[in-house]
Amino acid sequence: MPLVSLRDVRFAYGERSVLRGIDLDVHRGQVVAIMGGSGCGKTTLLRLIGGQLKANSGAVEVAGHEVGKLGRAELYAMRRRMGMLFQFGALFTDMSVFDNVAFPLREHTDLPPTMIRDLVLMKLQAVGLRGAASLRPGELSGGMARRVALARAVALDPMLILYDEPFAGLDPISLGIIGQLIRRLNDALGASSVMVTHDVHESLEIVDYIYFVSDGRIVAQGTPDEIRASADPFVHQFVNAEADGPVPFHYPAQPIDSLLGGRSA
Amino acid sequence: MNGLFAGLAAGLRHVGKLTIDGIWRLGFATRFMFAVLLASGQSLTRIHLTIRELYFSGVLSLLIITVSGLFVGLVLGLQGYDILQRYGSADAVGVMVALSLLRELGPVIAALLFASRAGSAITAEIGLMKTTEQLKAMDMMAVNPIARVVAPRFWGGVLSMPLLAALFSAMGVFGGWLITVVVIGVDDGAFWSQMQAAVEFDYDVLNGIIKSMVFGTVVSLIAVFEGYDCEPTAEGVSRAITRTVVTSALAILALDFVLTSFMFRG
């Protein structure tokens, strides 16, 4: 039984339909990437899994619970077993790095301060930032902030970790570090991970399975090897970063011939 | 003619939309207020969260409150003396200064200053936390941001406002004494004894405290609501801060009229 399962999930922001029948599974221990162009509904999918949004129809299940039907207390109980890494870290700017990582431990456990200190330092050690424990978030680079946020996301040893664009805006070294950390932490914690990203090459190196989303639907899926060998035009365009293809270069418009030569629109 | 009707219809639709939006927002603010009250338990059980906000809203507003209170008292003393000495009642200047401050100027000006100093800071902080997804992150960590972030700030404001207003009035009275007794030469004993005889605790002081509690509640609620409800962009936060100051100022002045008309009808 998969840890996360989406069946025929549909979602719209008001009139604007974003997801049009998504089926997706994340098995225990897997790192799964959801890829697609900007605005294709990837982050919406992540929010549905985390219970921040409710699907208009279809079922979103996490560990056997239908997320959309959970009350606030049950949703919070489930989220205590989830970690989420936000796109730019979302660190609490009024706290030090140490306090950021300690935050979930202090909020949800009655552990003595000495044990919290040890746990926080272990988590920071895992992301290579034990020496930065006393710094403030404003003193960190983008990559370091992301690593601290990752340490905070895994502070309670979650069963499921959600990543929203973990590679966005990172230099190649930081990007590689974050990629490796995602894989290593997932395996060390025995967790499952769902990652929303554009970064094909880094993702192919670390994930177990990939779903491609376009226009609110899953248009392709497979293991990294299957994706590399895929002849699917969408996958080909995405993996090779081609400007035109199934995802068109031009925003829908009238044919240009009808506008040129003084003819009006 | 058709154009005129179309223009009128568009205008009416616009007014209708503004009215519906306004009512919807008022309803949302009311629900938000209940959510804050319901989530306030943590502000008491984890009192350090509220004490921290008392420091930010109250202690850090001390300078502006004491200095403003002193200047308002100095001006009141000068103006009061100028008017009262024409009628040979210069000794009553202490009463005039004290009653003006305790009944009106203390609660109102302290609340206006509090809205611009602490209210705007609360809105900015919560708005920026929203913009940088800190509130969402907290919610995803199964920590209710209304209980953890909003409620302590709300109670910090509610508790510090009456104390600040009292300090403002005290500084004002001191300013009035300084200018009239020390500088101008009004009789010291007359200044204090007339004030003591004329100021009633149940009537003047208590009503002033009630006013400042009402203003503190309203300003704090506006500040946390505007921050929580702001559009999560730099522009949205800036607009929310402006709304906090403007709405608070209008609410304070309008409520002051309502409260005064109930409290001091002679």
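The values are calculated or read from the model by the stated rules, or taken from the named source; none is laboratory data. Just so you know, these numbers come straight off a predicted model, no measurement behind them. Because the Cβ atoms are built from the backbone with ideal geometry, glycine has one as well, and the counts that use them run over all protein chains shown.
Here is how the numbers come out for the structure above:
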quantity: Residue check for A:Thr114: within 13 Å of chain B (Cβ to nearest Cβ) and surrounded by fewer than 22 Cβ atoms within 10 Å (Cβ to Cβ); calculated: no
quantity: Count of residues meeting criterion [within 14 Å of chain A (Cβ to nearest Cβ) and surrounded by fewer than 23 Cβ atoms within 10 Å (Cβ to Cβ)] in segment B:141-174; calculated: 7
quantity: Count of residues meeting criterion [β-branched (Val, Ile, Thr) and in a loop (DSSP other than H, G, I, E, B)] in segment A:57-114; calculated: 2
quantity: Where a residue in segment A:63-88 is over 28 Å from B:Thr131 (Cβ atoms) and its partner, wherever it lies, is outside any loop (DSSP other than H, G, I, E, B), with Cβ under 6 Å and at least six apart; calculated: A:Glu66/A:Ala59
quantity: Residues located in segment A:57-107, provided they are over 25 Å from A:Asp118 (Cα atoms), within 13 Å of chain B (Cβ to nearest Cβ), surrounded by 15 or more Cβ atoms within 10 Å (Cβ to Cβ) and small (Gly, Ala, Ser); calculated: none
quantity: Criterion (of a type in the set (S, T, N, Q), in contact (Cβ under 8 Å) with a residue 24 or more places away in the chain, touching a Lys or Arg at 6+ places or on another chain (Cβ under 7 Å) and within 29 Å of B:Ala170 (Cα to Cα)) met by exactly one of B:Ser61, B:Ser100, B:Ser68, B:Ser57; calculated: B:Ser61
quantity: Subset of segment B:80-132 [within 14 Å of chain A (Cβ to nearest Cβ) and not in a helix (DSSP H, G or I)]; calculated: B:Thr132
quantity: Evaluation of A:Val18 against (1) assigned to a helix (DSSP H, G or I); (2) modelled with pLDDT under 90; (3) more than 14 Å from every other protein chain (Cβ to nearest Cβ) (one fails), failing number; calculated: (1)
quantity: Subset tally (residues that are out of contact with any Phe, Trp or Tyr (no Cβ under 6 Å at 6 or more places or on another chain) and closer than 14 Å to A:Arg217 by Cβ) for segment A:13-23; calculated: 5
quantity: Residues being part of a helix (DSSP H, G or I), more than 14 Å from every other protein chain (Cβ to nearest Cβ) and of a type in the set (A, V, I, L, M) - total across segment A:28-56; calculated: 1
quantity: Flag if A:Leu150 is of a type in the set (A, V, I, L, M) and within 14 Å of chain B (Cβ to nearest Cβ); calculated: yes
quantity: Qualifying residue in segment A:137-159 (condition: touching a residue at least 12 places away in the same chain (Cβ under 8 Å), assigned to a helix (DSSP H, G or I) and surrounded by fewer than 17 Cβ atoms within 10 Å (Cβ to Cβ)); calculated: yes
quantity: Unique match (being of a type outside the set (Gly, Ala, Ser) and modelled with pLDDT of 95 or more) among B:Ile209, B:Ile241; calculated: B:Ile241
